[in-house]
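Student: The following block contains the structure, expressed as structure tokens.
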């Protein structure tokens, strides 16, 4: 279930990938982990030297969240925390089993 964002609303597509945000499409990126030694020049040293450079993965912070889709359907999707914080996804509203609105207190 990959979603494309249209003014903070979802349109459902067919595909879903592991480790990928279903709202924005953010996925795993590859980079380097750099090891250094030595004292920085601004601290009075002769400068830092690179002693090792290994590959690593930057994994998005995905969470399973109950979301209300524009069609009114409630679904569990995997979205990144940035989409949750920025309001791209709308969490489902948990309501009481029933509401007695005409009751007197």
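Every number here is computed from the coordinates shown, using simple stated rules; none is lab data. These figures come from a predicted structure and were not determined experimentally. Cβ coordinates were reconstructed from backbone atoms using ideal geometry, including for glycine residues, and neighbour counts include every protein chain displayed.
Student: Percent of Cα-Cα pairs more than 12 Å apart in the range 22-65, please.
Tutor: It works out to 72 percent of all Cα pairs.
Student: Just to be sure I understand the model, the point goes 7 Å from the Cα along the line to the Cβ. What's the resulting residue 57 to residue 37 distance in nm?
Tutor: 3.0 nm
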